[in-house]
Each structure stands twice: as C-alpha cells, then as structure tokens.
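Here the structure is laid out as structure tokens; the discussion comes afterwards.
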Amino acid sequence: MTPKPSPSATWPPRPTAPARGAGPRPTGTGPPPARPPPWACPAPVRARAPPRTPRGARRSPRSPPRPCSPGGPPSRERRSCVSRATPTTPRPSPTYAAASTDPHESRRPRMTTELIQLLTPEGKRVDHPGYAFDPGPDQLRSLYRDMVLTRRIDAEAVTLQRQGELALWPSLLGQEAAQIGSGRAARDDDRIFPSYREHGVAFVRDVDPVHLLTLFRGAGHGSWDPAEHNFHTYTLVIGSQVLHATGYAMGVAKDGADAAVIAYFGDGATSQGDVAEAFNFAAVYDAPVVFFCQNNQWAISESNERQSRVPLHQRARGFGFPGVRVDGNDVLACLAVTRAALDHARSGRGPMLIEAYTYRMGAHTTSDDPTRYRDSAEVAEWEAKDPILRLGRHLRSEGLADEAYFAALATESEALGKRVRDLVRTMPDPPHAEMFRHVYADGHALVEEERAGFTAYQEAFASSAAGEADQP
Ligand SMILES: Cc1ncc(C[n+]2csc(CCOP(=O)(O)OP(=O)(O)O)c2C)c(N)n1
C-alpha cells in the first residue's frame with residue numbers, strides 16, 4: 001500500500017500539536033498555513049435577515065405538511081404533495097448552490113461545497129491537490145473485491161429476510177464505497193463505532209458476516225467480540241454511538257495511545273442531540289475521533305433537504321473543527337480522505353467530520369417501501385453512479401483486471417453467499433435464558449429473578465405439552 005503523505009495544515013489554524021503522549025500541548029497560536037488545507041472552510045457567508053411574513057398571510061415552508069389525499073397519485077406527485085409548502089410555492093432545488101425561486105431563500109446561507117473525488121463515475125482517475133493517492137493494481141482489485149463480496153452478503157440477507165429467515169435487514173446497497181474506503185483507511189488498533197448498516201466496515205474488520213445476520217435473526221446480541229475486531233456492536237438507537245465513540249476517544253487520548261476512533265452515522269442522526277453533544281465534547285477536548293456521516297439522503301422517508309439548511313459537513317465549522325464532503329461512491333476518495341482525517345486526529349489536532357455523499361439505493365430496511373416517498377428517476381440517477389460499476393470500469397479500461405479475475409470473483413461471491421445461507425438457515429435458536437446474559441457484566445439480582453421467572457414460564461409449556469401427550 002502506498003503511504004499517504006498527511007496534509008500539513010489544519011483548520012482552524014492552531015499550533016502543531018505534538019503526538020499524543022509526547023508532553024503537554026502548546027498554548028500559543030502558530031502561523032497560518034501557507035496554503036489552504038484541503039478541508040479549509042470557505043469564508044463564512046452572512047445570511048441576510050429573513051423577510052417578515054405577516055402572520056397568517058401564507059404558510060411557512062417549515063409548517064407541517066398538509067396531508068396527502070388517501071389513494072393519491074403515485075410516488076412523484078405524492079412526494080411533492082408532502083414536501084411543497086403551498087401549491088404555488090415551488091420547492092427549493094435540492095442542490096444547495098443552485099438557483100431557487102423560493103421567496104424564503106434569503107434565510108438560507110448560500111454555501112458552495114466541494115465534493116472530493118479521485119475516480120469519476122465513468123471510472124477515470126482524477127487528482128486532488130490535498131489527497132494524493134496512488135494505489136497499485138493489487139490494492140484496487142482488493143477494494144473491488146471487498147465491495148463485491150459485501151454487496152453479496154447484503155443481497156443474501158435481503159433474500160433471507162424475504163424467506164422469513166431474518167426479522168429485518170437494513171441494506172447498504174449503494175454505500176459500499178463509503179464503507180470499504182473508510183474502513184480500509186483505519187488501522188487495526190483504531191476503534192470503530194458503527195450504527196446498524198455498516199456491513200462493509202464489519203467485513204473489512206474481519207467480522208464473520210454470519211454474526212451480522214445472527215443479530216437480525218434475533219438469535220444473538222451481536223455475536224462478535226468488539227475487543228477482538230476493534231469494531232463495536234451495532235447500535236440501533238440513532239446517534240447514541242457517536243457519544244460513545246467520543247467518550248472512548250477521550251479515553252484513548254488520556255491514555256496517550258496512538259490510536260484513533262471512527263463513529264459512523266447517517267444524515268438523519270445529525271438531527272439528534274446526541275450527535276451535537278458529541279461534536280462539542282470532541283472539539284473542546286481535541287478527541288481523536290473521525291465522525292463519518294454517510295449522507296445517503298434519506299432518514300427513512302425524510303429527505304436530507306428537509307433535515308438541514310446547510311450541507312452537513314459545514315456543521316463542523318460551528319463546533320470548531322474541520323468538515324469535508326467526499327464523493328461517497330468513490331472508494332478511493334473515501335479511503336484517502338478518511339486516512340488523512342485519522343492522521344489529523346492521531347496527531348492531537350482533534351476531530352474531523354467527513355460527509356460521504358452517497359445514496360441508499362435499496363429500502364431503508366426490509367420493512368420500508370421507498371416507492372411511497374421516493375422518485376424512481378432519482379434512483380436511476382444514482383444507479384448510474386454505482387460505486388462497484390465505477391471501479392469495475394476503471395479496472396477494465398486500464399487493463400488492471402481481466403475476465404478471469406472477474407469470473408473467479410463471481411465464483412468466490414457465490415460460495416460466500418451459499419455459506420451465509422446455509423449457516424443462517426441451520427442456526428439453532430439460542431436458549432431463552434441467553435437474553436438475560438450481558439445485561440450486567442457481573443449479574444444483577446433483579447435480572448436473575450426475571451430469568452428464573454421466564455424459565456419457569458417456558459417450562460410450564462413443556463410440562464403441559466407432556467401432560468397432553470399422556471392423555472389416553
Ligand atoms: C433515537 C431514535 N429515534 C428514532 C429512531 C427510529 N429510526 C430508525 S432509523 C431512523 C432514520 C435514520 O436515518 P439516518 O440517520 O439517515 O440513517 P440511515 O438509516 O439512512 O442509514 C429512525 C428515525 C431510532 N432508531 N432511534
């Protein structure tokens with residue numbers, strides 16, 4: 001793997017801090033960086049005061065949406081019915097810098113934003129001055145393999161859920177590059193706090209995919225050992241793991257260790273107070289944590305444009321640390337940017353926010369029907385930016401992989417799918433008392449009482465069944 005030169009500057013300008021454990025941090029202010037760092041924030045844009053709206057003159061765009069008529073038209077119309085303030089007020093463009101006829105637009109700061117990219121959707125390599133990265137053919141093929149196998153695990157899980165073998169599955173379809181790129185940027189001793197959709201990150205941390213499915217089959221509490229993989233258990237309470245990661249990172253810094261921490265979360269999680277609290281603590285304590293937000297543009301049925309008035313990565317500026325937006329469907333850019341952010345955190349300069357701009361091509365979970373709120377043209381647009389197709393095009397056009405390679409990978413993918421299928425289908429139900437384990441590390445009298453009561457309740461069924469069998 002080609003070593004990545006770490007960017008020399010930081011935002012906001014601070015003295016260069018010594019590596020953790022190398023003594024106290026300096027308190028003076030250092031010279032400003034010679035050239036803007038890759039994640040330097042643009043000059044703040046002052047928002048003009050909002051125009052005053054006479055009470056009752058018209059509905060504010062922030063007012064609750066009017067209900068759609070039952071049995072109304074399909075997705076496109078239905079969605080605009082929910083999101084439009086009045087029939088005569090056009091919605092602002094979802095592109096932040098695009099022109100809008102919205103009369104309330106002056107309330108929104110117009111912020112331009114750069115999307116860091118190293119591989120175009122057509123599979124062409126492009127350079128970025130802040131993120132020089134030149135992976136060799138082996139590394140490119142390995143990233144491709146990770147993405148293909150992760151997608152296979154995901155597809156297999158969706159199918160198994162449809163067959164009644166899993167209770168639920170949150171698909172990562174389309175987010176493979178964001179996860180594999182960022183996951184591969186982490187060192188083994190870096191600690192990772194996922195949400196519930198990080199199957200690709202789990203894969204690169206060598207978590208057996210069967211363990212992921214165990215959780216969604218209800219046959220285990222997570223099943224993998226977080227300490228073994230430095231990969232925490234999945235967290236379904238939105239945003240809470242961002243606080244855990246920050247606290248853990250503060251501990252890492254206090255220990256003077258050289259590791260960093262990554263917290264994964266979605267765009268919807270940025271609306272949670274937990275995430276704001278974590279950002280502030282991390283900033284104030286210079287915690288070595290990288291906040292990796294996969295902006296897949298939907299928090300279930302709530303689109304990102306209705307969640308935030310500014311691009312998400314720009315929120316970091318308000319907390320006093322840098323934020324960057326990377327093309328989340330570009331595995332190379334995700335890897336290079338995350339590696340730079342981890343270096344930044346490790347060197348004692350504090351947290352960074354990465355917004356990986358991507359798209360959830362599948363449903364939120366197998367319980368969701370995105371056709372009720374999402375436009376099929378939008379999905380088609382993102383299918384053309386598929387992260388796996390993108391790297392595949394590059395490998396083919398540059399002659400970095402031949403057809404034998406792709407065929408061998410397809411065979412490996414089949415075998416992995418079969419293994420996952422077979423093991424999940426034959427997975428034994430756990431003993432009922434299992435659910436009481438792990439509630440407290442050292443046990444608890446009340447939990448023990450509940451366990452005994454539940455066991456007696458279960459045994460009552462067994463004895464009544466035996467009694468019935470004894471009847472003549
Ligand atoms: C604290 C909390 N509130 C609400 C929910 C219900 N919920 C589950 S997923 C979800 C949307 C999450 O969206 P996002 O953070 O963008 O992540 P994504 O699922 O899109 O990856 C919500 C609101 C929850 N699990 N936890």
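Okay, here's what the table says:
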quantity: Condition broken by ILE238, with the remaining ones in (1) more than 12 Å from PHE193 (Cβ to Cβ); (2) within 16 Å of the ligand (Cβ to nearest atom); (3) assigned to a helix (DSSP H, G or I) satisfied; calculated: (3)
quantity: Hey, VAL275 open to solvent by less than 10 Å² (accessible area, probe 1.4 Å), touching a residue at least 24 places away in the same chain (Cβ under 8 Å), within 14 Å of the chain's Cα centre (by Cα) and more than 16 Å from the ligand (Cβ to nearest atom) or not; calculated: no
quantity: Test: residue in segment 246-268 that is crowded, with 22+ Cβ neighbours inside 10 Å and of a type in the set (D, E, K, R); calculated: yes
quantity: Verdict on GLY251 being part of a helix (DSSP H, G or I), more than 24 Å from ASN230 (Cβ to Cβ) and free of Cβ contacts under 8 Å to residues at least 12 places away in the same chain; calculated: no
quantity: Residues (of a type in the set (A, V, I, L, M, F, W, C) and open to solvent by less than 20 Å² (accessible area, probe 1.4 Å)) located in segment 161-187; calculated: LEU166, TRP169, LEU172, ALA177, ALA178, ILE180, ALA185, ALA186
quantity: Boolean, ASP154 is out of contact with any helix residue (DSSP H, G or I) (no Cβ under 7 Å at 6 or more places or on another chain) and touching a residue at least 12 places away in the same chain (Cβ under 8 Å); calculated: no
quantity: Test: residue in segment 369-386 that is of a type in the set (Lys, Arg), under 30 Å from GLU165 (Cβ atoms) and surrounded by 15 or more Cβ atoms within 10 Å (Cβ to Cβ); calculated: yes
quantity: Single unsatisfied condition, GLU403 versus (1) more than 30 Å from the chain's Cα centre (by Cα); (2) over 25 Å from ASP154 (Cβ atoms); calculated: (2)
quantity: Residue match in segment 250-262 (condition: within 19 Å of the chain's Cα centre (by Cα), more than 10 Å from the ligand (Cβ to nearest atom) and within 18 Å of GLN175 (Cβ to Cβ)); calculated: yes
quantity: Residue ID - nearest to the ligand (Cβ to nearest atom), chosen from residues in segment 298-326 that are open to solvent by less than 10 Å² (accessible area, probe 1.4 Å) and part of a helix (DSSP H, G or I); calculated: LEU312
quantity: Test: residue in segment 368-376 that is closer than 24 Å to LEU115 by Cβ and without any contact (Cβ under 8 Å) to a residue 12 or more places away in the chain; calculated: no
quantity: For VAL210: the one exception among (1) under 21 Å from LEU389 (Cβ atoms); (2) part of a helix (DSSP H, G or I); (3) not basic (Lys, Arg); calculated: (1)
quantity: Failed item, numbered, when SER223 is tested on (1) assigned to a loop (DSSP other than H, G, I, E, B); (2) open to solvent by less than 30 Å² (accessible area, probe 1.4 Å); (3) more than 13 Å from the ligand (Cβ to nearest atom); calculated: (2)
quantity: Residue count, segment 441-464 (criterion: surrounded by fewer than 12 Cβ atoms within 10 Å (Cβ to Cβ) and within 21 Å of LEU215 (Cα to Cα)); calculated: 1
quantity: Residue check for ASP190: open to solvent by 50 Å² or more (accessible area, probe 1.4 Å) and more than 25 Å from ALA384 (Cβ to Cβ); calculated: no
quantity: GLN175 in contact (Cβ under 8 Å) with a residue 60 or more places away in the chain and more than 16 Å from the ligand (Cβ to nearest atom); calculated: no
quantity: Test for ALA245: is it touching a residue at least 12 places away in the same chain (Cβ under 8 Å), within 16 Å of the ligand (Cβ to nearest atom), of a type outside the set (D, E, K, R) and under 29 Å from TRP382 (Cα atoms); calculated: no
quantity: Any hit, segment 284-297, residues being away from the ligand (no atom under 13 Å from the Cβ), of a type in the set (Gly, Ala, Ser) and either over 24 Å from MET147 (Cβ atoms) or part of a helix (DSSP H, G or I) (or both); calculated: yes
quantity: So TYR196, is it within 15 Å of the ligand (Cβ to nearest atom) and at pLDDT 95 or above; calculated: yes
quantity: Failed criterion for ASP343 (all others in (1) within 16 Å of the ligand (Cβ to nearest atom); (2) in contact (Cβ under 8 Å) with a residue 40 or more places away in the chain; (3) farther than 18 Å from ARG197 by Cβ; (4) part of a helix (DSSP H, G or I) hold); calculated: (1)
quantity: Unmet requirement for GLY268, which otherwise passes all of (1) closer than 25 Å to GLY328 by Cβ; (2) over 11 Å from the mean Cα position of the chain (by Cα); (3) without any contact (Cβ under 8 Å) to a residue 40 or more places away in the chain; calculated: (2)
quantity: Filter result for LEU213 (hydrophobic (A, V, I, L, M, F, W, C) and away from the ligand (no atom under 16 Å from the Cβ)); calculated: yes
quantity: ASP146 of a type outside the set (S, T, N, Q) and open to solvent by 50 Å² or more (accessible area, probe 1.4 Å); calculated: no
quantity: Filtered residue count, segment 201-210, keeping only those that are touching a Gly at 6+ places or on another chain (Cβ under 6 Å) and within 16 Å of the ligand (Cβ to nearest atom); calculated: 1
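The values are calculated or read from the model by the stated rules, or taken from the named source; none is laboratory data. Computed from a prediction, not measured in an experiment: that's the story for all the values here. Glycine gets a Cβ as well: all are built from the backbone with ideal geometry, and neighbour counts include every protein chain shown. What goes into the accessible areas is simple: the full protein's heavy atoms, side chains included, and nothing from ligands, DNA or RNA. Shrake-Rupley method; radii C 1.70, N 1.55, O 1.52, S 1.80 Å.
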